[in-house]
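Beneath this line is the structure, given in structure tokens, with notes to follow.
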Amino acid sequence: MLFLNFLYAAGLLALGGAALASRQLPESAQFAYNAFFFGGSSLIAGCFALQMRRHGLMASVFLSFLALLTGISRLFTLVTASRPPDFSAPAFKLFTGFTILSALYLAAAFSKWQASR
């Protein structure tokens with residue numbers, strides 16, 4: 001689970017870097033800040049998990065839950081803000097990847113927790 005945590009953090013940081021590299025600042029800057037915040041926080045929680053595994057991984061799972069809620073709310077805003085919704089917009093694609101990555105990590109952590117009970 002610790003390797004998956006570092007992989008999740010690297011994925012979020014890579015998505016944030018891709019958003020900054022796209023050079024579409026109004027839409028991508030907000031996403032990049034979110035991705036860097038949650039990716040960096042998960043990376044710090046993973047480093048903490050090296051010392052205290054249970055508490056570090058719980059912190060990372062909680063951060064992924066908050067990231068999932070943030071991604072869903074931003075996707076809802078992007079879909080309802082324009083008529084008709086622009087599903088090919090870079091911001092929509094980035095937030096979709098952000099939300100899916102957070103949901104996959106949260107599902108993996110939940111299934112690991114269920115298996116250990």
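The values are calculated or read from the model by the stated rules, or taken from the named source; none is laboratory data. This is a predicted model, so every value here is computed, not measured. Here the Cβ is made from the backbone with ideal geometry for all residues, glycine too, and neighbour counts use every protein chain on show. Areas reflect the complete protein model, heavy atoms only, side chains present, ligands, DNA and RNA absent. Shrake-Rupley method; radii C 1.70, N 1.55, O 1.52, S 1.80 Å.
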Checklist outcome for this item: Taking region 31-42 and the residues there that are open to solvent by less than 80 Å² (accessible area, probe 1.4 Å) and not aliphatic (A, V, I, L, M), the one that is modelled with the lowest pLDDT would be PHE31
Next on the checklist: Out of ALA45, ALA59, ALA49, ALA67, I need the residue that is closer than 20 Å to LEU4 by Cβ, over 17 Å from the mean Cα position of the chain (by Cα) and at pLDDT 90 or above. Which one?
Outcome noted: ALA49
Checklist outcome for this item: Going through region 88-113 in order, the residues found to be touching a Leu at 6+ places or on another chain (Cβ under 9 Å) and of a type outside the set (A, V, I, L, M) are PHE92, PHE95, THR96, GLY97, PHE98, THR99, SER102, TYR105, LYS112
Next on the checklist: Going by what's in this entry, would ALA91 be described as surrounded by 15 or more Cβ atoms within 10 Å (Cβ to Cβ), under 21 Å from ALA19 (Cα atoms) and within 13 Å of the chain's Cα centre (by Cα)?
Outcome noted: no
Next on the checklist: Cβ-Cβ distance below 7 Å, separation of 6 or more or different chains: which pairs start in region 18-30 with a residue that is farther than 21 Å from PHE87 by Cβ and surrounded by 16 or more Cβ atoms within 10 Å (Cβ to Cβ) and end on one that is modelled with pLDDT under 75 and not aliphatic (A, V, I, L, M)?
Outcome noted: LEU20/SER28
Checklist entry - Restricting the first residue to region 73-84 and requiring it to be open to solvent by less than 60 Å² (accessible area, probe 1.4 Å), which pairs with a second residue that is part of a loop (DSSP other than H, G, I, E, B) and not aliphatic (A, V, I, L, M) meet a Cβ separation below 6 Å and a spacing of at least six or different chains? => result VAL79/PRO85
